[in-house]
Amino acid sequence: MSLLAGKTGLIFGVANDRSYAFHIAEALAKNGATCAFTCLPGEKNERRTRKAMEKLELGDAWLAPCDASKDEDIDAVFDAFTQKHERLDFLIHSIAFADREWLAPGKFTDTPRASYLSAIDISAYTLAAMAKRAREPMSASGGGSILAMSYYGSEKVVPGYNVMGVAKAALECTTRYLAAELGERNIRVNTISGGPLRTLASSAVGGIDTMLEHTPVRAPLKRNVEGSDVGGVAAFLVSDLASGVTGENIYVDCGVNTIGI
Ligand SMILES: NC(=O)c1ccc[n+]([C@@H]2O[C@H](COP(=O)([O-])OP(=O)(O)OC[C@H]3O[C@@H](n4cnc5c(N)ncnc54)[C@H](O)[C@@H]3O)[C@@H](O)[C@H]2O)c1
């Protein structure tokens, strides 16, 4: 039997076929999971996400618009999802946002209050907002797995990552507090710390070229990460093989985080 047979979940963050969420969906579906999706509201966003979904060949997979900065949108997505699906076994949070202007080397000190707060709101608070709505349907399914995407810039200074590093630190900490509170319901909450990958979001990070050049030189595996590397670990974390893993941050970065100098 497939690893994820019988599991159903909701995936936030497929913008196109380069998105980390796309690679995660591909791995989950390949292992037998039923995947439903959200995209940013707007015709262009929906068209782009649908095009990526077609590549996944999932038939008529469920898709709903959601701007995660709005509580009413998150409410509407979870209401609509639970009306259409009998269970919720996993939730993938693969979304982030920060004003591009402040994601350049040397720009952190000037980050305005509004840009700082919106980065934390959309990239970190939304995980708690979604976990709150997932709690009851996951409990009714006997538990579940919540997974979010982070990056090493949460722990160490990576030039250009700036306020997104602050938001990722908040995301990883939010994961631990959620894991502590939701564990008694058999809901596990983890992050994957992924290596640099060329996507729409990462193109806004001023230091992305340096990150991509740096990894194959310094990482133990001597290469950059591929989306499928993250997809495989996501499938493991969603599966019952990871039944004892919660509150963790798992690196999928070809080992670059382990190298000091
Ligand atoms: N690409 C990398 O190098 C890298 C490395 C480590 C972690 N990550 C993380 O992976 C996750 C996915 O990013 P990606 O690189 O696949 O880029 P991406 O651009 O493909 O995905 C980002 C997603 O965030 C969504 N989003 C932005 N604002 C939103 C909002 N208000 N409401 C709902 N959705 C919103 C976008 O629609 C998009 O689908 C992010 O959390 C990112 O920080 C990326």
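For the chain, take the longest principal axis of its alpha carbons; what is the angle in degrees between that and the long axis of helix 162-182, to the nearest 10 within 0 to 90? The angle comes out at about 30 degrees.
Could you tell me whether the stretch 38-99 comes out rounded, prolate or oblate from its Cα gyration tensor? Rule is a ≥ b ≥ c as square roots of the eigenvalues, rounded for a/c under 1.5, then prolate if a/b exceeds b/c, otherwise oblate. Oblate, because a/c is 1.5 or more while a/b does not exceed b/c. Along the stretch 9-25 the Karplus relation, 6.51 cos²θ - 1.76 cosθ + 1.60 evaluated at θ = phi - 60°, assigns HN-Hα couplings of x, 10, 10, 9, x, 7, 8, 7, 7, 9, 4, 4, 4, 4, 5, 5, 4 Hz to successive residues, with x for each Gly and Pro. Using a Förster distance of 41 Å, how high is the FRET efficiency between ASP60 and ILE261, based on the Cβ-Cβ distance and rounded to 0.05? Approximately 0.20, to the nearest 0.05.
Considering only TYR20, TYR177, TYR152, the mean-square fluctuation computed in a Gaussian network model of the chain, springs between alpha carbons under 10 angstrom, is largest for TYR177. Helix 43-56 and the longest principal axis of the Cα set of the chain meet at an angle near 70°. Between ILE192, ILE74, ILE95, the Gaussian network model of the chain with springs among Cα atoms under 10 angstrom shows the greatest mean-square fluctuation at ILE74. Other residues whose C-beta falls under 10 angstrom from the C-beta of PRO216 contribute a net charge of +2, scoring Lys and Arg +1 and Asp and Glu -1. Classify the stretch 8-258 as rounded, prolate or oblate from the Cα gyration tensor: take a ≥ b ≥ c as the square roots of its eigenvalues, call it rounded if a/c is under 1.5, otherwise prolate when a/b beats b/c and oblate if not. Taking the square roots of the gyration eigenvalues as a ≥ b ≥ c, the stretch 8-258 is rounded.
Fully extending the segment from LYS44 to THR109, taken as 0.36 nm per residue of separation minus the present Cα-Cα distance, adds 20.0 nm. The long axis of helix 71-84 is offset from the longest Cα principal axis of the chain by roughly 40 degrees.
Between the C-alpha center of the stretch 176-225 and that of the stretch 20-80 there is a gap of 20 Å. Each of PHE236, PHE22, PHE90, PHE12 has some number of other Cβ atoms within 10 Å of its Cβ, and from fewest to most they run PHE236, PHE12, PHE22, PHE90. Pairs of Lys residues in the stretch 8-258 are counted when their Cα atoms are under 21 angstrom apart and they lie 8 or more places apart or on different chains; the count is 12.
Readers should treat all values here as calculations from the given coordinates under stated rules, not as data from a laboratory. It should be emphasised that the depicted structure is a prediction, and the values quoted were computed from it without experimental measurement. As a convention, Cβ positions derive from the backbone with ideal geometry for all residues, glycine included, and neighbour counts pool all protein chains shown.
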